[in-house]
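For reference, the structure discussed in these notes is given below.
Bear in mind these aren't lab numbers, they're just calculated from the coordinates by the rules spelled out. Source: prediction; values computed, not measured. Here the Cβ positions follow ideal geometry from the backbone for every residue, glycine too, while neighbour counts run over all protein chains shown.
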Amino acid sequence: MATDIYSSPLSERYAGKEMQYLFSQDKKFRTWRKLWIALAETEMELGLSQDGKPVITQEMVDELKSHAEDINYDVAREREKQVRHDVMSHVYAYGQQCPKAAGIIHLGATSCYVGDNTDIIIMKEALQLVRRKLLNVMKELADFADKYKDQPTLAFTHFQPAQPTTVGKRATLWLQEFAMDLEDLDYVMGSLKLLGSKGTTGTQASFRELFNDNDEIIDKIDPMIAAKMGFEACYPVSGQTYSRKVDTRVANVLAGIAASAHKMSNDIRLLQHLKEVEEPFEKNQIGSSAMAYKRNPMRSERIASLSRYVMVDALNPAITSATQWFERTLDDSANKRLSIPEGFLAVDGILDLCMNVVDGLVVYPKVIEKHFMAEIPFMATENIMMDAVKKGGNRQELHEKIRQLSMQAGRTVKEEGKDNDLLERIAADPAFGLTLEEMQETLRPELYVGRAPLQTTKYLETVIRPILEANADVLGMTADIKV
């Protein structure tokens with residue numbers, strides 16, 4: 001690794017090798033060659049001829065196929081130094097390997113034929129990888145939610161203790177957002193189409209010249225290319241490029257996943273502060289260079305950090321789409337080369353982190369119970385009041401007494417740092433007619449979580465498990481986290 005030039009942290013620290021390869025130069029140029037083969041083969045099959053003789057022969061197509069993978073990069077690099085054009089440099093290099101087919105490579109096409117179609121192909125493959133990792137995060141969360149569906153815990157509204165829930169039910173809130181992201185991803189990925197081969201301004205004028213104005217034949221070009229490249233269709237109309245709105249839709253899917261991951265990671269960070277839940281911490285991991293005792297939630301912090309980048313990055317394709325002039329302008333190019341690959345690389349790292357964190361998430365029931373019991377006397381006052389009424393008490397009078405006693409107990413906790421003594425105060429007031437033991441019997445945490453366990457079970461069984469079962473072939477991934 002070179003140490004005297006900038007290297008992207010997305011490659012060095014965060015993204016996995018599979019995602020990095022999808023956005024590599026090698027993947028791009030191999031895809032260019034596949035597209036040139038698809039174009040030549042299509043033109044041959046449609047009978048492209050000159051003076052009654054075929055322009056493209058099977059021998060030429062076979063020659064192109066025989067050199068689809070062994071790219072002569074050295075020739076392409078030297079040629080680009082002369083002509084300053086990457087597409088024509090690779091046309092030339094391919095032609096050097098395929099002398100019989102050299103004259104028909106890229107016939108009728110413009111640079112966007114290979115550039116834009118390749119971008120769509122790579123984005124689709126990248127979305128498929130994101131989908132696999134997203135489903136594995138969902139599997140880990142589903143298992144976690146099921147395991148802890150009955151574990152009572154304080155819920156929080158405004159980060160203030162509120163009516164209890166369960167640890168598993170809370171996890172379903174994270175899980176549901178990822179499930180929404182999966183729906184969005186599937187919709188956008190399923191709607192992706194190729195640009196096809198439409199020429200310099202999208203009019204297919206070059207093909208009218210090649211096929212002697214035979215519109216019936218020309219109409220077959222894009223569908224045939226799409227089929228050869230594994231797509232159902234091409235966009236029906238375009239300028240020189242596919243609409244940059246497509247990049248916007250893809251980036252928004254990535255931003256949605258990032259937002260869901262950020263929300264989950266924030267909750268985990270707050271819970272780790274409370275010592276109720278803790279992300280994985282390796283045996284020899286150092287939490288702080290100065291404070292040796294610290295166990296910082298660095299994985300969750302990294303999820304939040306990368307997620308913010310992806311959410312902001314989604315603005316780039318939106319602005320680019322909005323500012324394209326007429327049939328095309330080149331101010332999209334440099335931006336696209338950054339925003340789309342880096343959005344995918346960052347999300348790849350985010351999902352690896354999510355898999356790692358959820359898989360090793362540690363729950364501390366005793367700490368949860370301690371926090372629960374410190375607050376439950378306040379939450380149990382409605383039940384206590386009802387029990388006192390059953391013994392002959394006046395509801396309105398008891399309500400006022402509980403209000404006053406609760407305020408006194410609250411001051412004891414906040415101002416004196418003592419334990420919550422509300423129950424002792426109520427037991428000492430003869431108006432309630434209740435012993436401390438009688439009240440403590442009503443303080444079992446599971447009595448206050450409502451339908452949380454049942455909601456968790458039903459959600460997993462009716463919504464999540466069917467999704468996971470339908471995608472069982474992609475489950476079982478694990479993630480190795482770099483520094």
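How would you rank 246-252, 189-195, highest first, on the average number of other Cβ atoms within 10 Å across their residues?
246-252, 189-195
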Segment Gln128-Glu416, extension gain: residue separation times 0.36 nm, minus the distance between their alpha carbons: 98.0 nm
DSSP-defined antiparallel bridges as percent of all bridges, the chain, nearest 5: 90
Over the chain, relative contact order from alpha-carbon pairs under 8 Å, at least 6 apart, %: 19
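What shape does the range 368-448 have by the C-alpha gyration tensor, where a ≥ b ≥ c are the square roots of the eigenvalues, rounded means a/c under 1.5, and otherwise prolate means a/b greater than b/c and oblate the rest?
Values: a/c = 2.01, a/b = 1.29, b/c = 1.56.
It is oblate, given that a/c is not under 1.5 and a/b is not larger than b/c.
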For Thr153, distant residues with modelled amide H under 5 Å away: Thr165, Thr166, Val167
Residue pairs, from the table Lys149/Lys458; Lys100/Lys228; Lys124/Lys263, whose Cα atoms sit over 18 Å apart: Lys100/Lys228; Lys124/Lys263
Where a label projected 7 Å from the Cα of His399 along Cα→Cβ would reach, residues of the range 433-467 with amide N under 15 Å: none
Binned Cα-Cα distances of the chain, short to long, each 10 Å bin given as a whole percent: 4, 16, 21, 18, 14, 11, 7, 5, 3, 2, 0, 0
Leading residue at positive end of dipole, the chain (Cβ point charges), from Phe144, Ala93, Met19: Phe144
Euclidean distance between Cα centres, the range 161-229 to the range 389-444, Å: 62
Under 5 Å, built H, 5+ apart or other chain: amide partners of Ser49: Val55
Label-point separation in nm, Ala428 to Lys390, each point 7 Å along Cα→Cβ: 2.6
Under 28 Å, Cα to Cα: Lys pairs in the range 368-448, sequence gap 8 or more or different chains: 7
Local electrostatic count at Thr456 - Lys and Arg +1, Asp and Glu -1, tallied over other residues with Cβ under 11 Å: +3
Whole-Hz couplings from phi, Karplus 6.51/-1.76/1.60, listed for the range 427-441; x for Gly and Pro: 5, 7, 9, x, 4, 8, x, 10, 8, 4, 5, 4, 5, 5, 5
Of Ala427, Ala374, Asn394, farthest towards positive along the dipole that unit charges on Lys, Arg, Asp, Glu beta carbons give the range 368-448: Asn394
Spatial separation of Cα centroids for the range 456-483 and the range 77-107, in angstrom: 46
Label-point separation, Arg444 to Lys458 (7 Å along Cα→Cβ), nm: 2.3
Peptides 340-349, 103-112, 383-392, 232-241 ordered by average Cβ neighbours within 10 Å, highest first: 340-349, 103-112, 232-241, 383-392
Estimated inter-spin distance, Glu45 and Arg208, nm [label 7 Å along Cα→Cβ]: 2.6
Zone residues, the range 239-262, relative to Val312, backbone N less than 19 Å from point 7 Å out along Cα-to-Cβ: 251-262
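Round to the nearest 0.05 the FRET efficiency obtained for Asn266 and Lys245 when R0 = 45 Å and r is the Cβ-Cβ distance.
0.90
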Square roots of five times the Cα gyration tensor eigenvalues for the range 14-104, Å: 28, 16, 10
